[in-house]
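Data block below; observations after.
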Amino acid sequence: MEKISRFCINPVFLKELRTVVRNRKLSVTLMVYNTILGLVGTVALYVIFYLSGSSNMSEDVVMILYLMLTLIEFFLICFAIPAYTAGSISGEREKQTLDILLTTPLKPASIALGKLMSGIGSIVLLVISSLPILALVFTIGGISIVDIALYMLFIVITAFYVGSFGVLFSAKFKKTALSTVFTYATLIFMGIGTCVIILVAKLVGQMWLENMHALGKYTQVYDADLGYGVLLLMINPGVTWASLVMNALGSKSMFSEIIGEFGTIPTWIINWWFYLSSGVQIIISFFVIKLAGRRLNPLLAKNRKSKALKKKEKVVRTEE
Amino acid sequence: MLEIENLNKSYGDFKALDNLSLSIDDGELYGFVGPNGAGKTTTMKIVSGLLAADSGQIHIAGIDARKDIQGLKSSIGYMPDFFGVYDNLKAIEYMEFFASIYGIDGRAARKLSLDLMELVNLSDKADSYVDGLSRGMKQRLCLARTLIHNPSLLILDEPASGLDPRARFEMKGILNNLREMGKTILISSHILPELAEMCSSVGIIEHGKMLVSGTVDSIMQKMNRSNPIVIKTIDRKDELIRKLKERPDADNISITEDEIYVGFSGDDEEAARLLSDLIADGFRITSFAKEKGSLESVFMQIIKE
Ligand SMILES: Nc1ncnc2c1ncn2[C@@H]1O[C@H](COP(=O)(O)OP(=O)(O)O)[C@@H](O)[C@H]1O
Ligand SMILES: [Mg+2]
């Protein structure tokens with residue numbers, strides 16, 4: 001246990017946290033962000049009270065507000081995290097501090113994790129700082145504190161998940177620009193690509209079934225069902241968001257219907273989608289961090305290269 | 001302390017290290033000298049475990065550095081050729097950060113950090129931000145950082161480069177102190193005079209090859225051999241030159257206003273015989289000496305060859 005906590009709350013993270021907190025940029029960002037959010041919240045509250053008369057507010061308006069605010073914050077995280085993490089290791093490389101860290105007993109994966117935590121730290125701080133405002137707005141309507149807490153958890157996990165790829169690419173590529181591009185590409189694949197794959201698979205399956213019917217092989221047109229194939233969506237944080245929000249809004253059945261449209265899976269998976277997909281994403285993140293650590297280990301990385309060289313030499317020799 | 005045997009390293013087709021060997025005894029201050037691009041940084045990175053060699057052996061205090069990475073990390077302190085600064089961090093925090101990496105926290109970390117900063121004359125800068133320190137101070141802070149885990153071998157890549165003479169002088173003093181504390185130090189430079197006075201041994205590297213390596217004295221002796229003998233005489237200079245030219249062990253004779261330079265291939269014994277021969281021939285010689293070489297002239301001579 002102590003080993004794990006030392007791995008997670010490691011010196012790199014603590015050091016970075018200190019420097020991040022000192023940065024004046026952060027306090028300005030925090031202020032601006034919360035001012036805007038506060039204004040939006042106040043206006044929204046006013047509108048809600050004004051529209052519905054103080055006694056009986058429309059829960060629908062709160063729902064829409066909740067949907068919008070969480071979506072905005074979700075997008076903010078998705079777009080900001082690559083920018084915050086994709087330069088984390090390359091920056092350390094440029095400053096020549098990476099070499100120093102690598103001569104210490106610090107595990108390369110620990111360095112990668114520290115970098116990730118500090119990369120997402122300021123963003124998560126931003127979101128958490130907005131918690132009181134969100135709570136104020138939502139507790140009036142049908143949203144419970146638990147929902148908001150889960151939402152915060154979701155934001156942290158998403159930041160961790162997306163950020164881990166940023167750190168991996170930052171360890172892999174020397175140029176920050178390149179790693180940023182790759183991180184966004186990964187994000188787009190996770191967010192949109194997985195949906196496209198599911199859609200295309202469904203369409204192709206449907207076409208095939210209709211074809212079979214036309215050929216007289218099947219007596220009726222069956223609905224294409226991807227079955228457990230829809231579990232691919234577990235890696236999509238957007239779907240995680242949807243499962244969370246629909247749950248909070250009391251429209252669980254809608255989420256289950258949409259998923260069911262593409263593939264039939266046991267209901268308990270649907271019911272626990274938020275937790276399961278979060279778990280999957282956390283596991284993937286740790287795996288990605290391990291990979292980033294491998295990339296950072298100078299001896300391992302070069303070993304691989306020299307093996308490739310040896311292979312090349314062998315080819316040359318056999319050609320002779 | 002450090003034994004490197006037949007180290008080879010290529011970057012693609014470029015051979016950066018070519019069968020490089022060197023050996024450093026306990027407590028030595030070893031100067032690793034060579035022009036830019038000779039392969040000094042490459043060697044030091046390999047020794048520090050930051051780069052994999054293609055082949056070769058490295059032993060540090062008896063342990064196989066290529067197998068026991070943790071053992072290697074605990075016995076060396078590495079300082080790269082560029083000093084990296086973290087923004088928004090105070091000097092003392094920089095030290096404490098590295099202390100915490102080694103599992104030293106709290107009061108112990110603070111005490112150790114302050115002690116080490118005192119060792120490198122930075123006590124008064126503990127609460128200054130690192131990015132505001134001068135280059136020499138950053139360099140010394142970085143040196144203090146390498147000492148946190150009390151390593152026995154320090155690997156310092158061009159610690160004096162870019163320093164003004166005063167800072168360089170200060171750095172020298174600190175290195176001498178460290179040596180007195182029993183540290184073994186491997187230090188590189190592309191400028192020999194930086195190291196000449198303080199090193200006990202030097203290795204001269206070019207194009208990834210070790211040209212000479214050994215104690216300063218032994219290198220000087222070896223090289224002095226090929227230094228010319230300088231002869232001064234009161235008169236009969238031309239006759240003396242003719243006489244010298246007849247001898248098989250003397251060549252390359254050149255003359256300045258009052259001195260004759262003779263390239264002499266014999267050893268000291270034969271040089272003594274030459275002198276007595278000349279005196280027997282009645283030459284009135286006022287001075288007869290081997291030109292004293294400096295480590296620098298040796299360096300230039302080796303690089304030229
Ligand atoms: N990562 C690298 N890829 C390709 N060539 C390199 C790399 N690092 C160093 N070199 C080359 O290897 C040679 C030795 O470099 P280096 O060890 O840094 O020399 P020094 O420290 O003595 O100036 C140089 O010619 C340099 O250009
Ligand atoms: Mg160098």
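The values are calculated or read from the model by the stated rules, or taken from the named source; none is laboratory data. Remember, it's a predicted structure, so these values are computed and weren't measured experimentally. Please note: Cβ atoms are built from the backbone with ideal geometry, for glycine as well, and neighbour counts cover all protein chains shown. For the accessible areas, the whole protein counts, side chains as well, though only heavy atoms, and no ligand, DNA or RNA atoms are used. Shrake-Rupley method; radii C 1.70, N 1.55, O 1.52, S 1.80 Å.
Here is how the numbers come out for the structure above:
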item: Cβ-Cβ under 7 Å pairs, at least 6 apart or on other chains, the range B:178-193 side part of a strand (DSSP E or B), far side more than 16 Å from ligand 1 (Cβ to nearest atom) and open to solvent by 50 Å² or more (accessible area, probe 1.4 Å); result: B:Thr184/B:Asp26; B:Ile185/B:Arg179
item: Any hit, the range B:7-18, residues being away from ligand 1 (no atom under 15 Å from the Cβ) and aliphatic (A, V, I, L, M); result: no
item: Test result for B:Glu197, closer than 25 Å to B:Ile104 by Cβ and acidic (Asp, Glu); result: no
item: Residues of the range B:148-177 satisfying the condition of being away from every other protein chain (no Cβ under 12 Å), in a loop (DSSP other than H, G, I, E, B), under 20 Å from the mean Cα position of the chain (by Cα) and not hydroxyl-bearing (Ser, Thr, Tyr); result: B:Glu158, B:Pro159, B:Ala160, B:Gly162, B:Leu163, B:Asp164
item: Some residue of the range B:77-88 being touching a Pro at 6+ places or on another chain (Cβ under 8 Å), facing chain A (nearest Cβ under 8 Å) and open to solvent by 50 Å² or more (accessible area, probe 1.4 Å); result: no
item: Flag if B:Lys243 is at pLDDT 80 or above, part of a strand (DSSP E or B) and among the basic types (Lys, Arg); result: no
item: Residue match in the range B:48-56 (condition: surrounded by fewer than 23 Cβ atoms within 10 Å (Cβ to Cβ) and more than 16 Å from ligand 1 (Cβ to nearest atom)); result: yes
item: The one condition in (1) within 14 Å of chain A (Cβ to nearest Cβ); (2) assigned to a loop (DSSP other than H, G, I, E, B); (3) in contact (Cβ under 8 Å) with a residue 60 or more places away in the chain; (4) not aromatic (Phe, Trp, Tyr) that B:Lys67 fails to fulfil; result: (3)
item: Filter result for B:Glu28 (more than 13 Å from every other protein chain (Cβ to nearest Cβ), away from ligand 1 (no atom under 12 Å from the Cβ) and in contact with a helix residue (DSSP H, G or I) (Cβ under 9 Å, 6 or more places away or on another chain)); result: yes
item: Flag if B:Ser21 is within 13 Å of chain A (Cβ to nearest Cβ), more than 13 Å from ligand 2 (Cβ to nearest atom) and in contact (Cβ under 8 Å) with a residue 12 or more places away in the chain; result: no
item: Selection within the range B:43-64 - touching a residue at least 40 places away in the same chain (Cβ under 8 Å), within 16 Å of ligand 2 (Cβ to nearest atom) and out of contact with any Ser or Thr (no Cβ under 7 Å at 6 or more places or on another chain); result: B:Thr43, B:Val47
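Rundown of residues vs (1) among the hydrophobic types (A, V, I, L, M, F, W, C); (2) over 13 Å from the mean Cα position of the chain (by Cα); (3) closer than 21 Å to B:Thr41 by Cβ, yes/no style:
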position: B:Met181; (1), (2), (3): yes, yes, no
position: B:Ile191; (1), (2), (3): yes, no, yes
position: B:Ser213; (1), (2), (3): no, no, yes
position: B:Arg247; (1), (2), (3): no, yes, no
position: B:Glu257; (1), (2), (3): no, yes, no
